[in-house]
1. Write down the accessible area per residue of the chain in Å², having rolled a 1.4 Å probe over the full set of protein chains.
2. Given the rule -39500 (n - 2.57) for each run of at least 4 DSSP H residues, summed and divided by the residues of the chain, what is its mean residue ellipticity at 222 nm, to the nearest 500 deg cm²/dmol?
3. Calculate the spin-label point distance for Ser206 paired with Ala370, positioning each point 7 Å from the Cα along the beta-carbon direction, and give it in nanometres.
4. Would you mind getting me the FRET efficiency between Ala394 and Glu215? Use the beta-carbon distance for r and R0 = 25 Å, nearest 0.05.
5. Can you give the relative contact order of the chain as a percent, counting alpha carbon pairs under 8 Å and 6+ residues apart?
6. Could you tell me which of Phe244, Leu183, Leu193 has its Cα farthest along the dipole of the stretch 181-244 towards the positive end, charges placed at Cβ (Lys, Arg +1; Asp, Glu -1), taken about the Cα centre?
7. When the accessible area of the chain is split by element with a 1.4 Å probe, what percent falls to carbon and sulfur?
8. Mean separation of Cα pairs under 8 Å and 6+ residues apart, divided by the residue count of the stretch 52-155: what relative contact order is that in percent?
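The values are calculated or read from the model by the stated rules, or taken from the named source; none is laboratory data. Note that the structure is predicted; figures quoted are calculated from it, not measured. All Cβ positions, even for glycine, are placed from backbone atoms using ideal geometry, and neighbour counts span all protein chains on display. Accessible surface is based on the protein model in full, side chains and every heavy atom, while ligands, DNA and RNA are left aside. Shrake-Rupley method; radii C 1.70, N 1.55, O 1.52, S 1.80 Å.
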Amino acid sequence: MTAKNPASSRNLWLLIAVSALGYFVDVFDLLLFSVVRKKSLSDLGVADADTLLIGQHLLNWQMAGIFLGGFFWGMVGDKRGRLSVLFGSIILYSVANLANGFANSVHTYEACRFLAGFGLAGELGAGVTLVSECMSSKWRGLGSMLIVTIGVPGAAFAAWVGANHSWRTAYMVGGAMGLLLLLMRVGLFESGLYDSVRKADVVRGSLVLLFRTPERIYRFLLCILIGLPTYLVIGILITYAPEFGTAMNLNPAPVAGTAIIWAYVGLTIGGLLCSGLSQVIKRRKAAIIIFHLISLVSILVYLYWTPTDLDTYYWLCLFLGIGVGYWALLVTNATEQFGTNLRATVTTCVPNLARGALIPITWAFGPARAQLGIIDGAAVVGVGCVLIAITAVALSRETFGKSLDFLEE
């Protein structure tokens, strides 16, 4: 299963396991704020009527950290090695989350969310890059699938911790998990492909190189746009489950933590199905487009098939999660699109910029909600995101089975 790497299969499986646990911590933190949003803001003195607006503001700070951190850690991964990212990013994340447990104002909360987002931005991209470069072209899609599938239950754990402990304790749990993960990473090996490039006289991890040609910019942009529906679903439809439930006349309103659990169970199922489909048909693009179409249907069903009880509502959340199950292939596709000297930069940036796209999606959703209402406004933005994503897939290159032993000149 290895490619240009003397490591044993046992070490490769250890690498996959540690990368998957890193993504578990990543997902835990990304969703924890959605779980504890209301009770943490109430504890800090924010009025109930303002929790949605202030919550969006704080989430945008977290996403801004992810956006900037994606570029930073991606360049570090190409310049100094994939392992340096796996260590440095988790240290910053852990410290920021421990500090978040002591936040006593909205401004402190902002700073902690920004730093935690910046730290976590390196996790998934560095892990997938490292695993992909150590596996054969035939199996690397399954490597990414395992990382994402094992990591996704971090959302369920975040929901459980957030529901059963104080919001301060929940953030400290996240920081402690990061420090434990740091210990597990001692002894991991660097990618053989990267080692060979590091010894050569070649530019690595340069944004100038990434943006040097229109074709390269275009290829990079397509990789990002493919992921737009993911954070429309997670960052809007699921995060604001209480508000959507109220608009659907559900009483009591849905609990955000429960909606997250169901959505991420669906994402796990969808990830297995989408990656498995890609392996069977030996196509990345076709599998992703099929799941974008499922996502389109799931968004419209969620918004317009008004549930009569909470059980039905949570089943709709599961369906939403299945539709965005292409997430693992999104990251694999980014890894395969670019050469070894830019691979970590792109693979780290793409999922984080897809996450960071929640900022413009939120900006679009605000006026749409004001003009059309929360249901119709979400439908307009959601359909637009899916159509853009499908177009991006159609215009991108097919990469299934492509050798990763190449450079960007």
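1. Values: 14620 Å² over 409 residues.
On a per-residue basis, 36 Å².
2. Details: 20 runs with 308 residues, N = 409.
So the calculated ellipticity at 222 nm is -25000 deg cm²/dmol.
3. It is 4.5 nm.
4. Details: r = 17 Å, r/R0 = 0.68.
Efficiency for this residue pair is about 0.90.
5. Working: 771 pairs, mean separation 99.9, N = 409.
So the answer I get is 24 percent.
6. Checking the options against the dipole of the stretch 181-244, the answer is Leu193.
7. Working: 10110 of 14620 Å².
The computed percentage sits at 69.
8. Numbers: 120 pairs, mean separation 34.9, N = 104.
Dividing the mean separation by the residue count of the stretch 52-155 yields 34 percent.
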